[in-house]
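Contents: one structure, followed by commentary.
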Amino acid sequence: AAGDLVELSGFLLDRRYEPRPGDPEGLRGRIEDVRSLLERAVKADPSIPEAHYNMGRFFIYNYRNDLASAALSEALRLFDQAETMSPRRILTRIDSFRLLGEVRSGEKEYLKAQALYAQGISLYEAQRENRGVRPDPRVGRLYADYADVDYFISNDLDAALANYAKAVDELNDTPSVRYRMGYIQYQAQDYLSAMQSFSLAFARKPED
């Protein structure tokens with residue numbers, strides 16, 4: 001069935017490009033023809049948004065942002081039309097906004113990127129109010145992406161700090177996020193908070 005193909009191709013995509021610590025050695029090298037399986041999933045039922053989402057991720061991993069943009073745009077169009085929205089599907093839709101925003105940011109279309117991030121965040125926050133979804137690291141990355149535009153481009157450090165804090169709350173507590181929080185806190189002369197943020201960043205990445 002088309003749904004099974006989407007599930008299998010997405011699983012193999014994850015294992016090929018984002019292996020987990022417990023995955024057997026050499027597993028990545030044995031996973032071949034992921035693209036053909038992804039294409040089969042799209043052809044089996046082009047109305048399934050997750051098939052296009054997975055295709056978009058594949059193109060991002062392989063540095064084809066033009067094709068990724070088309071696939072993710074189609075995924076978002078189909079999510080808009082979807083009749084059933086499980087918590088898992090909602091999070092995938094939110095992640096489609098994040099990934100397409102990252103593609104736009106890579107093209108230096110920062111306002112378009114931030115608009116996409118904002119759509120994903122609005123959807124997530126509405127679902128969180130209704131207890132429709134749980135915290136997810138992908139949402140944490142979405143908040144960090146939104147904050148990055150304020151941090152690097154518009155220099156709105158207060159807004160950036162608020163969204164980096166949300167990124168941490170949403171399970172994206174990384175050394176780079178902690179460093180940027182520390183930098184903003186230092187600039188605001190909140191030295192105690194800055195020291196805590198820098199210490200957490202250093203503890204996790206002392207060689208950087």
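The values are calculated or read from the model by the stated rules, or taken from the named source; none is laboratory data. Given the structure is predicted, the values throughout are model-derived calculations rather than measurements. Ideal geometry is used to build each Cβ from the backbone, glycine not excepted, and the neighbour counts take in all protein chains shown. Keep in mind that these areas ignore ligands, DNA and RNA; they rest on the heavy atoms of the full protein, side chains included. Shrake-Rupley method; radii C 1.70, N 1.55, O 1.52, S 1.80 Å.
Structure values in brief
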item: Exposed GluC sites (Glu not before Pro) absent: longest stretch of the chain, with sites in DSSP loops and at most 11 other Cβ within 10 Å deemed exposed; result: 84-206
item: Under 17 Å from LYS166, Cα to Cα: aspartates and glutamates that are on another chain or at least 8 residues apart; result: ASP95, GLU125, GLU129, ASP136, ASP145, ASP148, ASP150, ASP156, ASP158
item: Directionally averaged shadow of region 139-208, computed from the convex hull of its alpha-carbon atoms, nm²; result: 4.2
item: Mean separation of Cα contacts under 8 Å, 6 or more apart, over the residue count of region 13-120: relative contact order %; result: 18
item: Estimated inter-spin distance, GLN187 and THR84, nm [label 7 Å along Cα→Cβ]; result: 4.7
item: Lys/Arg +1, Asp/Glu -1 at C-beta; the chain dipole; positive extreme among GLY10, ASN155, VAL139; result: GLY10
item: Normalised convex hull volume, region 1-74, alpha-carbon set, Å³ per residue; result: 84
item: Cα centre as origin, Lys/Arg/Asp/Glu Cβ charges: the chain dipole, Debye; result: 260
item: Gyration tensor (alpha-carbon) shape descriptor, the chain, a/c threshold 1.5; result: prolate
item: Chymotrypsin sites (Phe, Trp or Tyr not before Pro) within region 58-102: DSSP coil, no more than 12 neighbouring Cβ in 10 Å; result: TYR63
item: At R0 = 30 Å, FRET efficiency that the Cβ-Cβ distance of GLN196 and PHE152 yields, to 0.05; result: 0.85
item: For region 55-65, 3J(HN,Hα) per residue [Karplus equation, 6.51 cos²θ - 1.76 cosθ + 1.60, θ = phi - 60°, Hz, x = Gly/Pro]; result: 5, x, 4, 4, 5, 5, 4, 9, 6, 10, 5
item: In region 121-184, trypsin sites (Lys or Arg not before Pro) in a DSSP loop with at most 12 other beta-carbon atoms within 10 Å; result: ARG131
item: Accessible surface of VAL149 - all protein chains present, 1.4 Å probe, nearest 10 Å²; result: 10
item: Low-density loop positions, trypsin sites (Lys or Arg not before Pro), region 22-101 - DSSP coil, at most 14 other Cβ in 10 Å; result: ARG64
